[in-house]
Amino acid sequence: MTMKLLMSFLAMAFLAAGPARAQQIVAPDVRAKSVTDEVLALLRADKDIQAGNTKKVVDLVEKKVLPHFEFARMTRLAVGPNWRQATPEQQKALIREFRALLVQTYAATLTAYRNQVIDYRPLRMQPDDTEVVVKSLINQSGGKPVTVDYKMEKTAAGWKVYDVVVADLSLVQNYRGSFETEVRKGGIDGLIKALTEKNQQLAAGKAAARK
């Protein structure tokens, strides 16, 4: 699972990098291909990230990656039907904590990058499509290639990612089971509490590792 998460987050970084311009929305596959070399070069050259500098990774994620994700939709899909039970304030809290969880997980897995290579498949897209799936294959030394599909939607700010499917495993669907369990145990507030505690544990672990 850790390697699948790594593939997922690497793929999201490659796909999301680069600012979107409202007046010129770049095709999703073109954006992905154009930034791959740049991001790979950054990861290879940055010794701090390779050494596990999580603060630097988090800064990178916050500035370059997260603005290109549709976290409201990602969270809604991950929570599933229980989303309708949440008040507007609870929904905001869920989005905030799920976003934080993905940042923490990304920071933990990105340092495991070891020269994976990404090949993109031809994009099947009609001019008026507002949702697409960009397909790719991540090749890793000594291992089998991993398929990665990026589900994206067209917004006023450009194409945004709302799910990543790694080896047929959906990122948001992967969380749904555990989220449903928490809701059954303690309702929406119980899920928010569980996410908050998880994020606090991850942050505390990183702080202890730096000492």
Failed item, numbered, when Pro122 is tested on (1) out of contact with any Ser or Thr (no Cβ under 9 Å at 6 or more places or on another chain); (2) modelled with pLDDT under 85:
(2)
All positions within the stretch 95-116 that are within 18 Å of the chain's Cα centre (by Cα), surrounded by fewer than 17 Cβ atoms within 10 Å (Cβ to Cβ) and at pLDDT below 80
Ala112
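Of all the residues that make up the stretch 134-144, how many are open to solvent by 70 Å² or more (accessible area, probe 1.4 Å) and within 17 Å of Pro122 (Cβ to Cβ)?
The total comes to 1.
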Those residues of the stretch 132-142 which are more than 16 Å from Pro28 (Cα to Cα) and touching a residue at least 24 places away in the same chain (Cβ under 8 Å) amount to Ile138, Gln140, Ser141
What single numbered condition from (1) over 21 Å from Ser136 (Cα atoms); (2) modelled with pLDDT under 95 fails to hold for Thr75?
(2)
Here are some conditions: (1) open to solvent by less than 50 Å² (accessible area, probe 1.4 Å); (2) farther than 16 Å from Leu102 by Cβ. Val164 meets all but one. Which one does it not meet?
(2)
Flagged pairs (Cβ under 7 angstrom, 6 or more apart or on separate chains; first in the stretch 71-94, open to solvent by less than 10 Å² (accessible area, probe 1.4 Å); second among the aliphatic types (A, V, I, L, M) and not in a helix (DSSP H, G or I)) are Leu94/Ala86
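Among the residues in the stretch 163-175, are any in contact with a His (Cβ under 7 Å, 6 or more places away or on another chain) and at pLDDT below 95?
Step one: list which residues in the stretch 163-175 are in contact with a His (Cβ under 7 Å, 6 or more places away or on another chain), which gives none.
No, the stretch 163-175 has no match at all.
The values are calculated or read from the model by the stated rules, or taken from the named source; none is laboratory data. Model, not experiment: these values are computed from the prediction. Glycine also receives a Cβ, built like all others from the backbone with ideal geometry; neighbour counts cover every protein chain displayed. Surface accessibility is based on the protein's heavy atoms, side chains included, excluding ligands, DNA and RNA. Shrake-Rupley method; radii C 1.70, N 1.55, O 1.52, S 1.80 Å.
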